[in-house]
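Okay, so here's the structure we're looking at.
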């Protein structure tokens, strides 16, 4: 929850030349809803795409405060984050609602970035894999293969978000490997190889090298380090 429309526009104006040559990665910026129109306009004719931070699962209706996938698509959004740990923690997001939102996003032609990850007590009790398996089976596993092929997954250990703690590259890789195994079981080896799994959890310029050295990590879902265009561009260009 940062930046008003003018600040979002200024951020994209600064970011655009810094990542203009980044052909190796897709660059997506997900500002608050109120900034989307300004962001889409500022990113026009660049290699930056715009996404939303959340979506509601119905197309329209008496759901004050919510924003539907068709509205996002019509605004120029191409991506949407679904099931972020903060949505789960503060706003009651469940695996069921994650599935419904993912289906709605796909139907509207949006590309979902679906988040999974364990809390600190779950990590410390040794139940990380059980939590990831439950989150996967409760949402993504219920997609049809052709739907799943359009989804990006983000593994975000909740204990490493905004805390300054970061999963070691090896811890992150283990979780990604486990998730890829879940995909392989549900959708087959080709789907597991093709699916992109991002790491999200205090990704910063000083730890991106070790994280991206892990072949299991296909990219990053960046939080605080994305608020500054220079910081974010250094991650993009790595």
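The values are calculated or read from the model by the stated rules, or taken from the named source; none is laboratory data. The model shown is predicted, which means the values in this text are computed figures rather than measured ones. Note: ideal-geometry Cβ built from the backbone for every residue, glycine included; neighbour counts use all protein chains shown.
Summary of computed values
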{"item": "Per-region count, the stretch 39-48, residues within 21 Å of residue 80 (Cβ to Cβ), surrounded by fewer than 21 Cβ atoms within 10 Å (Cβ to Cβ) and over 20 Å from the mean Cα position of the chain (by Cα)", "result": "3"}
{"item": "Qualifying residue in the stretch 118-132 (condition: over 20 Å from residue 165 (Cα atoms) and not in a helix (DSSP H, G or I))", "result": "no"}
{"item": "Top-ranked residue in the stretch 193-210 [being touching a strand residue (DSSP E or B) at 6+ places or on another chain (Cβ under 6 Å) and free of Cβ contacts under 8 Å to residues at least 60 places away in the same chain; ranked as nearest to residue 156 (Cα to Cα)]", "result": "199"}
{"item": "Which numbered condition residue 206 misses (of (1) part of a helix (DSSP H, G or I); (2) closer than 26 Å to residue 17 by Cα; (3) over 19 Å from the mean Cα position of the chain (by Cα))", "result": "(1)"}
{"item": "Yes/no for residue 71 being surrounded by fewer than 15 Cβ atoms within 10 Å (Cβ to Cβ) and out of contact with any strand residue (DSSP E or B) (no Cβ under 6 Å at 6 or more places or on another chain)", "result": "no"}
{"item": "Failed criterion for residue 153 (all others in (1) on the phi > 0 side of the Ramachandran plot; (2) crowded, with 18+ Cβ neighbours inside 10 Å hold)", "result": "(1)"}
{"item": "Extreme residue, surrounded by the most Cβ atoms within 10 Å (Cβ to Cβ), among residues of the stretch 27-38 that are free of Cβ contacts under 8 Å to residues at least 40 places away in the same chain and either under 16 Å from the mean Cα position of the chain (by Cα) or closer than 18 Å to residue 236 by Cα (or both)", "result": "31"}
{"item": "Among residues of the stretch 148-179, those that are over 19 Å from residue 207 (Cβ atoms) and assigned to a loop (DSSP other than H, G, I, E, B), counted", "result": "3"}
{"item": "Enumeration of residues in the stretch 213-226 that are assigned to a helix (DSSP H, G or I) and touching a strand residue (DSSP E or B) at 6+ places or on another chain (Cβ under 8 Å)", "result": "226"}
{"item": "Counted residues, the stretch 32-53 - those being closer than 24 Å to residue 115 by Cα, in a loop (DSSP other than H, G, I, E, B) and out of contact with any strand residue (DSSP E or B) (no Cβ under 7 Å at 6 or more places or on another chain)", "result": "1"}
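Rundown of residues vs (1) at pLDDT below 95; (2) surrounded by 14 or more Cβ atoms within 10 Å (Cβ to Cβ), yes/no style:
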{"position": "4", "(1), (2)": "no, no"}
{"position": "10", "(1), (2)": "no, yes"}
{"position": "23", "(1), (2)": "yes, no"}
{"position": "50", "(1), (2)": "no, yes"}
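Residue by residue, here is whether (1) in contact with a helix residue (DSSP H, G or I) (Cβ under 6 Å, 6 or more places away or on another chain); (2) modelled with pLDDT of 95 or more; (3) assigned to a helix (DSSP H, G or I); (4) surrounded by 17 or more Cβ atoms within 10 Å (Cβ to Cβ) holds:
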{"position": "80", "(1), (2), (3), (4)": "yes, yes, no, yes"}
{"position": "86", "(1), (2), (3), (4)": "no, no, yes, yes"}
{"position": "109", "(1), (2), (3), (4)": "yes, yes, no, no"}
{"position": "146", "(1), (2), (3), (4)": "no, yes, yes, no"}
{"position": "181", "(1), (2), (3), (4)": "no, yes, yes, no"}
